[in-house]
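Written out below as structure tokens is the structure these notes cover.
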Amino acid sequence: MNLHEYQAKSLLSEFGVEVPPNLLLKQASAKQVATALPASESGRWVVKAQVHSGARGKAGGVLLAESADEIVQAADALIGTRLVTEQAGSAGLPVNSVLVEPAVTIEREFYLALMVDRALQRVVMIASPEGGMDIEVVAESRPEAIFRAIINPTLGLGAYQARQLAFALGLDGRQVNAFASLALKLYRAFVGRDAALIEINPLAQVADGELVVVDAKISLDDNAGYRQTEWWQHRDVTQEDPAERKAIEHGLNYVSLEGNIACMVNGAGLAMATMDLIQQAGGMPANFLDVGGGTSAAKVTEAFKLILENERVEAILVNIFGGIVRCDLIAEGIIEAAREVELDVPTVVRLVGTNAEQGRQMLGDSGLALIAEDDLAAAAERAVTLANSNREVSQ
Ligand code: GDP
Ligand code: MN
């Protein structure tokens, strides 16, 4: 679950992290600005679109204002629009609120983050003097400018590790202490709130050498939702993909992708392999969908409805291995769903395993335009061919 910047800053301040004073606006209200605007030494304020995405600055989602009137104008220009960022996809994300903060004069921008390194099975703190930009770009072009501290889960982040990072960033004596104190608080927040990611980008150095948390991004671990209920109540579903949200409700593991061939598979590994085969055959998957090992006819029906809501879908590839589940039950679900949604998208079905023969028979007898294939590579190729010809027809 992702938090908005204003939520992330509030979470961090609970752990003693100093964040700039701010004002959250849900509508461009002159009255609210007049009464609650934080003072700004620079005489300027930043007005920042609150969406679940980075790269808002480049997308026009971070505006400067020099007066209360300009703040209202900027808020007005952002609230109610959709912000299209490099990370958010072409549909963009709805801007329902903006965060107003005093603008600071930035001398240097650092990057500072905590995340789980799956390969190391550790939380790592990552710091770089190349802040303000995409860390992925820095990792490609200047890997030597990225410093890491691997954190022992029993001991936690050591103060010495935080200081080492500070020295690596080229900070001076006073800053080293401020940085180390910030790093330790961030780590406490990370563990205390079951975060998957905390990212401060940029951590800005301002004129007097002080370090300011200009931006904050936090992702909480979905698996720990049950014990972070307070934050889960603040979850903003307007920022989430509606199909992915619906999938969660039905216990399906679904991720929207950009292609036109939908797939429905039982098992995450098999789903990955199926997507690879689609690509190998020259196609692009429209989604990742794992209906789970022990799936049911009802779940298959929901899964079908879900993938058909995506208008890009021009062919469907169903790949079910009946190990735990029986293929005849899956066939029943497919048939039920196809009837219910009046399936008009060419659908290739590969069923193998328990009662596969019976399942295929049921699909064949259904009178529906379902194409049975035994071989997975052939099934993928068939789906790609059908998607291509479907596209030509519809163009
Ligand atoms: P992001 O683009 O979504 O990561 O949003 P940020 O909050 O990081 O803002 C983007 C960029 O705007 C930052 O990297 C800064 O360069 C700039 N920016 C944001 N706040 C301030 C500020 O108070 N003063 C100045 N000078 N620049 C700012
Ligand atoms: Mn940022």
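The values are calculated or read from the model by the stated rules, or taken from the named source; none is laboratory data. Since we're looking at a predicted model, the values are computed, not measured. Cβ placement follows ideal geometry from the backbone for every residue including glycine, while neighbour counts extend to all protein chains displayed. Areas reflect the complete protein model, heavy atoms only, side chains present, ligands, DNA and RNA absent. Shrake-Rupley method; radii C 1.70, N 1.55, O 1.52, S 1.80 Å.
Candidates are the residues of the range 215-249 that are open to solvent by less than 30 Å² (accessible area, probe 1.4 Å) and of a type in the set (A, V, I, L, M, F, W, C); the one that is nearest to ligand 2 (Cβ to nearest atom) is 216. Quick check, is residue 83 more than 10 Å from ligand 1 (Cβ to nearest atom) and buried (at least 16 other Cβ atoms within 10 Å of the Cβ)? No, not satisfied.
The condition of being buried (at least 18 other Cβ atoms within 10 Å of the Cβ) and among the small types (Gly, Ala, Ser) holds for only one of 53, 42, 13, 29, that being 53.
When 199, 258 are checked against the criterion of being among the acidic types (Asp, Glu), buried (at least 17 other Cβ atoms within 10 Å of the Cβ), outside the structural domain of residue 48 (by TED's automatic domain parsing) and under 17 Å from the mean Cα position of the chain (by Cα), a single residue qualifies: 199.
Residues that are outside any loop (DSSP other than H, G, I, E, B), within 16 Å of ligand 1 (Cβ to nearest atom), open to solvent by 50 Å² or more (accessible area, probe 1.4 Å) and of a type in the set (Lys, Arg) are absent from the range 146-167 altogether. Within the range 168-196, count every residue that is assigned to a loop (DSSP other than H, G, I, E, B) and either over 26 Å from residue 231 (Cβ atoms) or not assigned by TED's automatic domain parsing to the domain that holds residue 214 (or both). The qualifying residues number 4. Being in the same structural domain as residue 196 (by TED's automatic domain parsing), of a type in the set (Gly, Ala, Ser) and open to solvent by 50 Å² or more (accessible area, probe 1.4 Å) is the requirement here; does residue 141 meet it? Against the criterion (in the same structural domain as residue 196 (by TED's automatic domain parsing), of a type in the set (Gly, Ala, Ser) and open to solvent by 50 Å² or more (accessible area, probe 1.4 Å)), residue 141 qualifies.
Among residues of the range 195-209 that are more than 16 Å from residue 146 (Cβ to Cβ), those with a beta-carbon under 7 Å from a residue that is away from ligand 2 (no atom under 16 Å from the Cβ) and β-branched (Val, Ile, Thr) at least six positions away or on a different chain give the pairs 196/116; 206/105; 207/105. Which condition number does residue 282 fail, the rest of (1) modelled with pLDDT under 95; (2) not in a helix (DSSP H, G or I) being met? Condition (1) is where residue 282 drops out.
Is it the case, given these coordinates, that residue 49 is at pLDDT 95 or above, near ligand 1 (Cβ under 9 Å from one of its atoms) and in contact with a strand residue (DSSP E or B) (Cβ under 8 Å, 6 or more places away or on another chain)? I'd like the intermediate steps shown before the answer.
Numbers: at pLDDT 95 or above: yes; near ligand 1 (Cβ under 9 Å from one of its atoms): yes; in contact with a strand residue (DSSP E or B) (Cβ under 8 Å, 6 or more places away or on another chain): yes.
When the stated conditions are applied, residue 49 passes them.
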